[in-house]
């Protein structure tokens, strides 16, 4: 086992180093931009939502596609008008709140670009540690927003307008909530002193998981089917259906430990 890990570690660092050197040489100014976190977060979110927009459009005419939807969402998929309205709401929050606030955060933390890329093991450990820390911070914050009536009314309630969520609605929240979640993600990587490449991988996977959690589909290739310790879309849709429980974004251990776990909503197909 150790020999296998060593062989993998020796094979990947030259590849990672080559990628990192290319990125540093050609994109250093962009990587150090104060506006990079917010810009990437928005465009990646929209890009990852695109396949589910296609599914929703197909689902309006195809019973086979609708059969992939989770039971609580077995009615008509969200309309194109809902998608467009949601897009403009999220874009407005980014431009007016998220972009300036994350620019200040980026300025205060003064990011730097090291010469060496991480090893594959370092990359894996840092990304996994980021997810564990982010999942913990998210659980605490999410539970607090539900247990404190003022926080719920003024920060979180807007997100629960979607009793049946769809992909783009993952970031359809109040400005305060969207900003707080992005800062939690940025802070997780910052507190763990992650390599910028590890941080980039963490944010990419984090964006995808957030979209997948809200997509409304229980697809055969969804990550929660491949990794049983993830809750996935059925787990999070139960939270939207009952307005309680399943407060952790991805893993389920905190909800089991604190007695807030709810059974996942089953898929509508037989």
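Starting from the Cα-Cα distance between residue 39 and residue 187, subtract it from 0.36 nm times their residue separation and give me the gain in nm to one decimal.
Details: separation 148, 0.36 × 148 = 53.28 nm, distance 1.70 nm.
Computed gain between residue 39 and residue 187 is 51.6 nm.
If contacts are Cα pairs under 8 angstrom and at least 6 residues apart, what is the relative contact order of the stretch 37-257 in percent?
Working: 245 pairs, mean separation 59.1, N = 221.
That works out to 27 percent.
Among 35, 250, 22, determine the one that fluctuates most according to a GNM of the chain built with springs between C-alpha atoms less than 10 Å apart.
Looking only at 35, 250, 22, the largest GNM fluctuation is found for 22.
On the Cα set of the chain, report Rg and Dmax in Å, please.
19.3, 55
As a test of the formula, what do you get for the chain when each DSSP H run with n ≥ 4 contributes -39,500 (n - 2.57) and the sum is divided by the residue count, at 222 nm and rounded to the nearest 500 deg cm²/dmol?
Numbers: 11 runs with 167 residues, N = 270.
Helices in the chain give a 222 nm mean residue ellipticity of -20500 deg cm²/dmol.
Relative to the longest principal Cα axis of the chain, at what angle does helix 232-242 sit, 0 to 90 degrees, rounded to 10?
Once rounded, one gets 40 degrees.
Rounded, prolate or oblate: pick one for the stretch 150-270, where a ≥ b ≥ c are the square roots of the eigenvalues of its C-alpha gyration tensor, a/c under 1.5 means rounded, and failing that, prolate if a/b is larger than b/c, else oblate. Present the calculation step by step, with values, prior to reporting the outcome.
Details: a/c = 1.58, a/b = 1.19, b/c = 1.33.
Oblate, because a/c is 1.5 or more while a/b does not exceed b/c.
How far is it, in nm, from the label point at residue 128 to the one at residue 253 when both lie 7 Å from their Cα along the line to the Cβ?
Each label point lies 7 Å from its Cα, and together they span 1.1 nm.
Bear in mind that the values in this text are calculations on the coordinates, not laboratory data. Note that this is a predicted model, so its numbers are computed, not measured. Reconstructed Cβ throughout: ideal geometry from the backbone, glycine too, with neighbour counts over all protein chains shown.
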